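One structure below.
The values are calculated or read from the model by the stated rules, or taken from the named source; none is laboratory data. What you see is a predicted model, and the numbers here were worked out from it, not measured in a lab. Glycine also receives a Cβ, built like all others from the backbone with ideal geometry; neighbour counts cover every protein chain displayed. Ligands, DNA and RNA are stripped out before the accessible areas are found, and what is left, the full protein with its side chains, is counted by its heavy atoms. Shrake-Rupley method; radii C 1.70, N 1.55, O 1.52, S 1.80 Å.
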Amino acid sequence: MAEKKNEYPASVEADRRLLVFETWQDYLDSLIEIADLRNLRSIPAARTIAAFGYRANGDTLQEREFYKRRKVIHGVVFPVVQPYVLVSEGADLEDPFNRELAVRERANRVGILQSIIFIRHFTKGGFEISGYIDFAHRLIAENWAPFFKGNKMLWPRDSDLGYYHWRHGTVRSNISRNYKPVMDPDRGLLFQNRHDHKIICPDPQQDPGQNTSKQRIYSPKYTHIEIYDHVVRRKS
(Lines give C-alpha, C1' and ligand atoms only; values in the text may rest on other atoms or scores of the structure.)
Protein backbone atom coordinates (compact mmCIF):
# COMPACT_ATOMS: atom_id res chain seq x y z
CA MET A 1 0.00 0.00 0.00
CA ALA A 2 1.58 3.27 -1.08
CA GLU A 3 2.05 5.85 1.62
CA LYS A 4 2.07 9.53 0.81
CA LYS A 5 3.73 11.39 3.64
CA ASN A 6 2.97 14.98 4.53
CA GLU A 7 5.45 15.57 7.36
CA TYR A 8 7.20 18.91 7.66
CA PRO A 9 10.24 19.19 5.39
CA ALA A 10 13.65 18.41 6.90
CA SER A 11 14.70 22.02 6.37
CA VAL A 12 11.87 23.21 8.61
CA GLU A 13 12.70 20.65 11.29
CA ALA A 14 16.35 21.75 11.22
CA ASP A 15 15.32 25.36 11.86
CA ARG A 16 14.22 24.47 15.40
CA ARG A 17 17.72 25.55 16.46
CA LEU A 18 16.76 29.14 15.61
CA LEU A 19 14.20 29.28 18.43
CA VAL A 20 16.92 29.76 21.06
CA PHE A 21 17.86 33.09 19.46
CA GLU A 22 15.65 36.10 20.07
CA THR A 23 17.46 38.31 17.56
CA TRP A 24 19.71 38.01 14.53
CA GLN A 25 22.53 39.45 16.64
CA ASP A 26 22.10 36.59 19.13
CA TYR A 27 22.35 34.16 16.23
CA LEU A 28 25.57 35.79 14.99
CA ASP A 29 27.01 35.75 18.52
CA SER A 30 26.64 31.97 18.56
CA LEU A 31 28.99 31.80 15.56
CA ILE A 32 31.70 33.98 17.06
CA GLU A 33 34.86 32.23 18.22
CA ILE A 34 37.00 33.27 21.17
CA ALA A 35 39.90 33.97 18.80
CA ASP A 36 37.74 36.56 17.01
CA LEU A 37 37.18 38.54 20.21
CA ARG A 38 40.83 38.21 21.19
CA ASN A 39 42.10 39.48 17.84
CA LEU A 40 39.41 42.00 16.91
CA ARG A 41 38.58 43.22 20.43
CA SER A 42 35.17 44.25 19.11
CA ILE A 43 31.85 42.42 19.21
CA PRO A 44 30.39 44.38 16.22
CA ALA A 45 33.45 43.51 14.16
CA ALA A 46 33.23 39.86 15.18
CA ARG A 47 29.54 39.83 14.19
CA THR A 48 30.49 41.22 10.78
CA ILE A 49 32.96 38.38 10.28
CA ALA A 50 30.24 35.87 11.24
CA ALA A 51 27.68 37.56 8.96
CA PHE A 52 30.03 37.11 6.00
CA GLY A 53 29.89 33.37 6.57
CA TYR A 54 33.40 32.75 7.81
CA ARG A 55 32.26 31.11 11.05
CA ALA A 56 29.60 28.64 9.90
CA ASN A 57 29.82 25.16 8.40
CA GLY A 58 26.87 25.91 6.13
CA ASP A 59 25.32 29.08 4.82
CA THR A 60 25.03 31.90 7.33
CA LEU A 61 21.53 33.36 7.43
CA GLN A 62 21.21 37.02 6.67
CA GLU A 63 19.00 39.15 8.87
CA ARG A 64 15.84 39.05 6.73
CA GLU A 65 16.12 35.28 6.12
CA PHE A 66 16.76 34.61 9.82
CA TYR A 67 13.56 36.32 10.95
CA LYS A 68 11.54 34.76 8.12
CA ARG A 69 12.60 31.20 8.93
CA ARG A 70 12.37 31.72 12.68
CA LYS A 71 8.78 32.91 12.27
CA VAL A 72 7.90 29.78 10.28
CA ILE A 73 9.37 27.35 12.81
CA HIS A 74 7.86 29.27 15.72
CA GLY A 75 4.44 28.84 14.12
CA VAL A 76 5.05 25.11 13.73
CA VAL A 77 6.28 24.48 17.29
CA PHE A 78 3.97 26.96 19.02
CA PRO A 79 0.84 27.10 16.85
CA VAL A 80 -1.74 29.76 17.62
CA VAL A 81 -5.03 28.24 18.70
CA GLN A 82 -7.60 29.35 16.17
CA PRO A 83 -11.20 30.01 17.21
CA TYR A 84 -13.75 27.67 15.73
CA VAL A 85 -17.45 27.58 15.02
CA LEU A 86 -19.53 24.45 15.48
CA VAL A 87 -20.99 24.23 11.99
CA SER A 88 -23.42 21.51 13.08
CA GLU A 89 -25.23 23.88 15.47
CA GLY A 90 -28.69 24.76 14.20
CA ALA A 91 -28.52 22.27 11.33
CA ASP A 92 -31.42 19.93 10.58
CA LEU A 93 -29.82 16.63 11.54
CA GLU A 94 -32.31 14.14 10.16
CA ASP A 95 -29.76 11.59 8.98
CA PRO A 96 -28.37 9.34 11.78
CA PHE A 97 -24.82 9.74 10.45
CA ASN A 98 -25.05 13.53 10.54
CA ARG A 99 -26.32 13.37 14.11
CA GLU A 100 -23.49 11.14 15.26
CA LEU A 101 -20.83 13.38 13.75
CA ALA A 102 -22.49 16.48 15.19
CA VAL A 103 -22.20 14.94 18.66
CA ARG A 104 -18.48 14.43 18.06
CA GLU A 105 -17.68 17.74 16.36
CA ARG A 106 -16.63 19.83 19.35
CA ALA A 107 -14.54 17.08 20.98
CA ASN A 108 -12.67 16.52 17.69
CA ARG A 109 -12.08 20.22 17.15
CA VAL A 110 -10.50 20.71 20.59
CA GLY A 111 -8.48 17.50 20.43
CA ILE A 112 -10.11 15.56 23.25
CA LEU A 113 -11.38 12.99 20.76
CA GLN A 114 -9.89 12.00 17.43
CA SER A 115 -12.38 9.94 15.46
CA ILE A 116 -11.67 7.78 12.43
CA ILE A 117 -14.59 7.27 10.04
CA PHE A 118 -14.73 4.18 7.85
CA ILE A 119 -17.15 4.72 5.00
CA ARG A 120 -18.08 2.57 2.02
CA HIS A 121 -20.02 3.68 -1.06
CA PHE A 122 -21.02 2.17 -4.36
CA THR A 123 -21.07 4.35 -7.43
CA LYS A 124 -23.98 4.33 -9.89
CA GLY A 125 -21.98 1.84 -11.93
CA GLY A 126 -21.74 -0.51 -8.96
CA PHE A 127 -18.07 0.10 -8.14
CA GLU A 128 -16.97 0.30 -4.52
CA ILE A 129 -15.22 3.37 -3.09
CA SER A 130 -14.22 3.13 0.55
CA GLY A 131 -11.80 4.73 2.95
CA TYR A 132 -10.76 5.80 6.42
CA ILE A 133 -11.15 9.50 7.26
CA ASP A 134 -9.43 11.44 10.04
CA PHE A 135 -12.50 13.42 11.14
CA ALA A 136 -10.58 16.07 13.10
CA HIS A 137 -8.23 16.62 10.15
CA ARG A 138 -11.05 17.02 7.63
CA LEU A 139 -12.93 19.39 10.00
CA ILE A 140 -10.01 21.80 9.70
CA ALA A 141 -9.34 21.22 6.02
CA GLU A 142 -12.81 21.85 4.59
CA ASN A 143 -16.20 23.47 5.12
CA TRP A 144 -18.64 21.01 6.69
CA ALA A 145 -21.70 23.26 6.61
CA PRO A 146 -23.09 21.69 3.37
CA PHE A 147 -22.69 18.22 4.90
CA PHE A 148 -24.52 19.02 8.13
CA LYS A 149 -27.25 20.82 6.19
CA GLY A 150 -27.82 17.66 4.16
CA ASN A 151 -26.70 19.18 0.85
CA LYS A 152 -23.58 17.06 0.50
CA MET A 153 -22.60 13.46 1.20
CA LEU A 154 -19.30 12.46 2.74
CA TRP A 155 -16.97 10.62 0.35
CA PRO A 156 -13.46 9.33 1.06
CA ARG A 157 -10.63 10.94 -0.90
CA ASP A 158 -7.32 9.57 -2.09
CA SER A 159 -5.68 12.02 0.37
CA ASP A 160 -7.44 10.48 3.41
CA LEU A 161 -5.93 8.01 5.88
CA GLY A 162 -6.97 5.12 3.69
CA TYR A 163 -8.58 5.02 0.25
CA TYR A 164 -9.75 2.23 -2.08
CA HIS A 165 -11.33 2.60 -5.53
CA TRP A 166 -12.27 -0.77 -7.00
CA ARG A 167 -12.71 0.31 -10.64
CA HIS A 168 -9.47 2.29 -10.84
CA GLY A 169 -7.53 -0.20 -8.72
CA THR A 170 -6.37 2.69 -6.55
CA VAL A 171 -5.16 1.99 -3.02
CA ARG A 172 -3.69 4.76 -0.87
CA SER A 173 -2.63 5.34 2.71
CA ASN A 174 -1.55 8.75 3.97
CA ILE A 175 -0.28 10.36 7.14
CA SER A 176 -2.79 12.86 8.52
CA ARG A 177 -2.54 15.47 11.26
CA ASN A 178 -3.43 12.89 13.90
CA TYR A 179 -2.70 9.43 12.53
CA LYS A 180 -0.03 7.42 10.78
CA PRO A 181 -1.00 4.22 8.88
CA VAL A 182 1.00 1.14 9.88
CA MET A 183 1.01 -2.19 8.04
CA ASP A 184 1.28 -5.13 10.45
CA PRO A 185 2.02 -8.57 8.94
CA ASP A 186 -0.46 -10.25 11.30
CA ARG A 187 -3.10 -7.64 12.08
CA GLY A 188 -3.18 -5.83 8.74
CA LEU A 189 -3.79 -2.09 8.46
CA LEU A 190 -3.46 -0.19 11.75
CA PHE A 191 -3.46 3.50 12.65
CA GLN A 192 -1.05 4.98 15.18
CA ASN A 193 -2.14 8.17 16.92
CA ARG A 194 0.58 10.79 16.51
CA HIS A 195 -0.11 12.39 19.91
CA ASP A 196 -0.26 9.53 22.39
CA HIS A 197 1.12 6.82 20.04
CA LYS A 198 -1.73 4.40 20.78
CA ILE A 199 -2.68 1.90 18.07
CA ILE A 200 -6.19 1.80 16.57
CA CYS A 201 -7.14 -1.49 14.91
CA PRO A 202 -10.00 -1.26 12.35
CA ASP A 203 -10.32 -5.04 11.92
CA PRO A 204 -13.94 -5.84 12.92
CA GLN A 205 -12.78 -9.18 14.38
CA GLN A 206 -10.33 -7.53 16.79
CA ASP A 207 -10.45 -5.12 19.70
CA PRO A 208 -10.14 -1.53 18.36
CA GLY A 209 -7.42 -0.67 20.88
CA GLN A 210 -6.72 1.14 24.13
CA ASN A 211 -8.92 4.19 24.80
CA THR A 212 -10.80 3.44 21.57
CA SER A 213 -14.42 2.44 20.99
CA LYS A 214 -16.17 1.41 17.79
CA GLN A 215 -19.72 2.15 16.66
CA ARG A 216 -21.60 1.00 13.56
CA ILE A 217 -23.89 3.69 12.12
CA TYR A 218 -26.88 2.86 9.94
CA SER A 219 -27.92 5.50 7.44
CA PRO A 220 -30.19 5.18 4.38
CA LYS A 221 -27.71 7.32 2.41
CA TYR A 222 -24.65 5.17 2.98
CA THR A 223 -23.75 1.52 2.40
CA HIS A 224 -21.51 1.02 5.43
CA ILE A 225 -20.30 3.35 8.19
CA GLU A 226 -18.18 2.69 11.28
CA ILE A 227 -16.72 5.29 13.63
CA TYR A 228 -13.66 4.63 15.79
CA ASP A 229 -13.53 7.12 18.68
CA HIS A 230 -10.11 7.49 20.27
CA VAL A 231 -9.80 9.44 23.52
CA VAL A 232 -6.42 11.16 23.36
CA ARG A 233 -4.15 10.80 26.37
CA ARG A 234 -1.68 13.60 25.85
CA LYS A 235 1.67 13.52 27.61
CA SER A 236 1.93 15.91 30.53
Selection count, region 121-140, where residues are within 11 Å of the chain's Cα centre (by Cα) and either assigned to a strand (DSSP E or B) or among the hydroxyl-bearing types (S, T, Y) (or both):
1
Is it fair to say G126 is open to solvent by 10 Å² or more (accessible area, probe 1.4 Å) and not β-branched (V, I, T)?
yes
If you take the residues in region 177-202 that are surrounded by 15 or more Cβ atoms within 10 Å (Cβ to Cβ) and hydrophobic (A, V, I, L, M, F, W, C), which one is modelled with the lowest pLDDT?
L189
Can you tell me which residues in region 141-158 are open to solvent by 40 Å² or more (accessible area, probe 1.4 Å), outside any helix (DSSP H, G or I) and closer than 20 Å to P181 by Cβ?
W155, R157, D158
Among the residues of region 203-231, which ones are crowded, with 18+ Cβ neighbours inside 10 Å, under 12 Å from S115 (Cα atoms) and hydrophobic (A, V, I, L, M, F, W, C)?
I227
Which residue pairs have Cβ atoms under 6 Å apart, sit 6 or more places apart or on different chains, and have a first residue in region 152-170 that is touching a residue at least 40 places away in the same chain (Cβ under 8 Å) and a second that is buried (at least 19 other Cβ atoms within 10 Å of the Cβ) and in a loop (DSSP other than H, G, I, E, B)?
L161/S176
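Inspect all residues belonging to region 91-99 and state whether any of them is open to solvent by less than 80 Å² (accessible area, probe 1.4 Å) and either among the β-branched types (V, I, T) or at pLDDT below 75 (or both).
no
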